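The next block holds one structure in the form of structure tokens; read it before the comments.
The values are calculated or read from the model by the stated rules, or taken from the named source; none is laboratory data. Keep in mind that what you see is a predicted model, and the values were worked out from it rather than measured. For neighbour counting, all protein chains shown are included, and Cβ atoms are generated from backbone atoms with ideal geometry for every residue, glycine included.
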Amino acid sequence: MKRRDFGKALAGGVIGAGVADTVTPFSANAAPAPKKNTLMHVGGDYHYVAGGRGADITGKENLEFNVRHGVKHLTVQISKRSPEGAWDLDDMKRMKDNCDKYGVVLEAIRMDSEYIMLRKGPERDRMLESIMGNIQKASQVGVKVVTYHWTVIPIRRNGKVPGRGGATYEAFKLENNWKDLPVGKAGAVSSEDYWERITHFLQHVIPVCKEHDVRMAAHPYDPPGLPFGYQGAENWDSPSVFEGFKRYDAIVDSPYNGFQLCLGTTGEGLKKPLTEILPIVQYLGERGKILQIHMRNIRGGLHDFAEVYPDEGDMDFFKIMRILRDTQFAYSICADHMPSHPDDPGKLQAFAFGNGYIKALIHAVNSELQA
């Protein structure tokens, strides 16, 4: 069987079986007929770097690893920066040149989260000036997206569970004594504090993004839905991650204010991830507010979950991929937080599997359509 025919059979047969009657059809009056999406693509990022700890993400070994596995779009972090967070433009140009040699698009940069830790004052003002300067620098090297993750307390995991083939899955279960946990280094941060900082950031930064054609993509706090006061924080995506997305989006209604939609993280904040994730993806996708996808699957949900391989969790990524296709999502889909195994240092095997899984999903949903 030819590859093209195999893809069509895969989409309409094994993978497609049982899902067509569960997806709401498009209304002829509400939206045009679905068409293939040739814009979305698999992406690589800082979660894995071939060459081991300290290796250059745009070095020969990592770029060749990505290209071998069909990844030609990259999200990087900038290691050379000033105490105020200003990125080194010469180093950014070096990274861009390295990517160009391998035909890899330097698509996005991950920004650190120091700003959200700061209260009103000159230190926060200096940090904000550096961020606005960094946006201009990103534009100078052709980067279209800056991703960021507002964390005033560390990402929470407090358990491990055994997985398939001897793998280990990271897990979290809300502690019975969570009120006794120590406050994070940022101190107590109320919901009002959090939203003031976010609002101040967006109102200053998004106009600069528009000027330089660089989009900001906010990652939800991981995990969402933590009770207010957990380690002193009242996170912006609690108690409802969906309402958090809507409120964040409404502060500055602009195509330059969007999200790095981590499917695993969002699912962690839902009681029924299988069904509750779909309207979130649809809502943000229809508005063009998804600027990058992290494809991570989980078992469980709100306050009790484990991170698993993308093909074995509670969420149906084929249904999600159909929404991304039909809303013409145009950016990277990145494998994310893959399980660990002693025989897989750096999780390179796991991420290679994740990248291939994403590419197969893209091929499958597009093979359902004629054009």
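Could you figure out which of (1) touching a residue at least 40 places away in the same chain (Cβ under 8 Å); (2) of a type in the set (Asp, Glu); (3) surrounded by fewer than 21 Cβ atoms within 10 Å (Cβ to Cβ); (4) farther than 30 Å from Gly187 by Cα isn't true of Asp326?
The one condition Asp326 does not meet is (3).
Give me the pairs: first residue in region 68-94 and free of Cβ contacts under 8 Å to residues at least 40 places away in the same chain and within 15 Å of Leu106 (Cβ to Cβ), second residue among the basic types (Lys, Arg) and surrounded by fewer than 19 Cβ atoms within 10 Å (Cβ to Cβ), beta-carbon distance under 7 Å, and six or more apart or on different chains, which are they?
Matching pairs, first to second residue: Asp88/Lys80; Asp88/Arg81; Asp91/Lys80.
Every residue in region 205-237 that is under 15 Å from Val143 (Cβ atoms) and assigned to a strand (DSSP E or B), please.
Residues satisfying the conditions are Arg215, Met216, Ala217.
Going by the structure shown, is Leu274 part of a helix (DSSP H, G or I), touching a residue at least 40 places away in the same chain (Cβ under 8 Å), over 29 Å from Gln203 (Cα atoms) and touching a helix residue (DSSP H, G or I) at 6+ places or on another chain (Cβ under 7 Å)? I'd like the intermediate steps shown before the answer.
Working: part of a helix (DSSP H, G or I): yes; touching a residue at least 40 places away in the same chain (Cβ under 8 Å): yes; over 29 Å from Gln203 (Cα atoms): yes; touching a helix residue (DSSP H, G or I) at 6+ places or on another chain (Cβ under 7 Å): no.
It is false that Leu274 is part of a helix (DSSP H, G or I), touching a residue at least 40 places away in the same chain (Cβ under 8 Å), over 29 Å from Gln203 (Cα atoms) and touching a helix residue (DSSP H, G or I) at 6+ places or on another chain (Cβ under 7 Å).
Among (1) in contact with a Leu (Cβ under 9 Å, 6 or more places away or on another chain); (2) in contact (Cβ under 8 Å) with a residue 24 or more places away in the chain; (3) more than 17 Å from Gln77 (Cβ to Cβ), which single condition is Asp100 missing?
Going through the list (1) in contact with a Leu (Cβ under 9 Å, 6 or more places away or on another chain); (2) in contact (Cβ under 8 Å) with a residue 24 or more places away in the chain; (3) more than 17 Å from Gln77 (Cβ to Cβ), Asp100 breaks only (2).
Within region 215-255, which residues are buried (at least 24 other Cβ atoms within 10 Å of the Cβ) and of a type in the set (A, V, I, L, M)?
Met216, Ala217, Ala218, Leu226, Ala233, Val241
Go through region 42-91 and give me each residue that's on the phi < 0 side of the Ramachandran plot, of a type outside the set (A, V, I, L, M, F, W, C), touching a helix residue (DSSP H, G or I) at 6+ places or on another chain (Cβ under 6 Å) and not in a strand (DSSP E or B).
Filtering region 42-91 down to residues on the phi < 0 side of the Ramachandran plot leaves 42-50, 53, 55-69, 71-84, 86-91.
Subset that is of a type outside the set (A, V, I, L, M, F, W, C): 43-48, 53, 56, 58-62, 64, 66, 68-69, 72-73, 75, 77, 79-84, 88, 90-91.
Remaining after also requiring touching a helix residue (DSSP H, G or I) at 6+ places or on another chain (Cβ under 6 Å): 44, 48, 58, 69, 80, 84.
Tyr48, Thr58, His69, Lys80, Glu84, listed by residue number.
Name the residues in region 151-171 that are touching a His at 6+ places or on another chain (Cβ under 8 Å) and not acidic (Asp, Glu), would you?
At the first step, the residues of region 151-171 found to be touching a His at 6+ places or on another chain (Cβ under 8 Å) are 165-168, 170.
If the condition is that a residue be touching a His at 6+ places or on another chain (Cβ under 8 Å) and not acidic (Asp, Glu), then Gly165, Gly166, Ala167, Thr168 are the ones that fit.
If Asn98 satisfies all but one of (1) crowded, with 18+ Cβ neighbours inside 10 Å; (2) modelled with pLDDT under 95, what's the number of the condition it fails?
Result: Asn98 fails condition (2) only.
Considering every residue within region 346-364, establish whether at least one is of a type outside the set (D, E, K, R) and assigned to a loop (DSSP other than H, G, I, E, B). Talk me through it step by step, then tell me what you get.
Taking region 346-364 first, the residues of a type outside the set (D, E, K, R) are 346, 348-358, 360-364.
Retained after the next criterion (residues that are assigned to a loop (DSSP other than H, G, I, E, B)): none.
No, because not a single residue in region 346-364 is of a type outside the set (D, E, K, R) and assigned to a loop (DSSP other than H, G, I, E, B).
Yes or no: Pro273 under 17 Å from the mean Cα position of the chain (by Cα) and over 22 Å from His73 (Cα atoms)?
Numbers: under 17 Å from the mean Cα position of the chain (by Cα): yes; over 22 Å from His73 (Cα atoms): yes.
It is true that Pro273 is under 17 Å from the mean Cα position of the chain (by Cα) and over 22 Å from His73 (Cα atoms).
So which pairs qualify, if the first residue must be in region 346-371 and in contact (Cβ under 8 Å) with a residue 60 or more places away in the chain and on the phi > 0 side of the Ramachandran plot, the second must be hydrophobic (A, V, I, L, M, F, W, C) and crowded, with 18+ Cβ neighbours inside 10 Å, the Cβ gap must be under 8 Å, and the two must be at least 6 apart or on different chains?
So the pair list comes out as Gly346/Val49; Gly346/Ala50; Lys347/Met338.
So, Gly103, is that one on the phi > 0 side of the Ramachandran plot, in a loop (DSSP other than H, G, I, E, B) and buried (at least 18 other Cβ atoms within 10 Å of the Cβ) or not? Even if it seems obvious, please write down each step before you answer.
Values: on the phi > 0 side of the Ramachandran plot: yes; in a loop (DSSP other than H, G, I, E, B): yes; buried (at least 18 other Cβ atoms within 10 Å of the Cβ): no.
Judged against the criteria, Gly103 is not a match.
Return the total of residues in region 160-182 being touching a residue at least 40 places away in the same chain (Cβ under 8 Å) and under 24 Å from the mean Cα position of the chain (by Cα).
Here the count works out to 10.
Sort out for me the strands (runs of 3 or more DSSP E) sitting completely within region 114-188 that have 2 or more residues that are touching a strand residue (DSSP E or B) at 6+ places or on another chain (Cβ under 7 Å) and surrounded by fewer than 17 Cβ atoms within 10 Å (Cβ to Cβ). Reasoning before the result, please.
Working: elements: 145-149, 159-162, 168-173.
Correct list: 159-162, 168-173.
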